[in-house]
Amino acid sequence: MNLKITHCNNFFKLKGILDRKNLSLFYREFNDIFDRENSLTISIEEVEWMDRYGVKAMTELHNEAISKNKKLSIIGMGCRDLYDHFKYQTTA
């Protein structure tokens, strides 16, 4: 399944697979998002799988939020790899 991104205001829903093949869609949708929004919520509840490039893209978005002093919330239990990555980063 391809990646589908829907949104209403500053709430985004990701559905499908976030991998190397569809990163351009992800980057296009979230390019300079924190120049337009002060807070952002992304639901990954319907993300079936995310490869290391998808995890890296989400991490870059997280780092951009921190560097610009913006709020980013990632909600849902869609992808264990992403949670493991952030869990490892906070314990390191």
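The values are calculated or read from the model by the stated rules, or taken from the named source; none is laboratory data. Predicted model only: the values in this text are computed from it and were never measured. No Cβ is skipped: glycine too gets one built from the backbone with ideal geometry, and neighbour counts run over all protein chains shown.
Summary of values
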item: ARG28 vs. criteria basic (Lys, Arg) and more than 23 Å from ASN2 (Cβ to Cβ); result: no
item: Inter-residue pairs, beta-carbon under 8 Å, first free of Cβ contacts under 8 Å to residues at least 60 places away in the same chain and on the phi > 0 side of the Ramachandran plot and in region 13-24, second part of a strand (DSSP E or B) and crowded, with 16+ Cβ neighbours inside 10 Å, 6+ apart; result: GLY16/VAL47
item: Residue within region 62-80 that is surrounded by 18 or more Cβ atoms within 10 Å (Cβ to Cβ), modelled with pLDDT under 90 and farther than 21 Å from GLU37 by Cβ present; result: yes
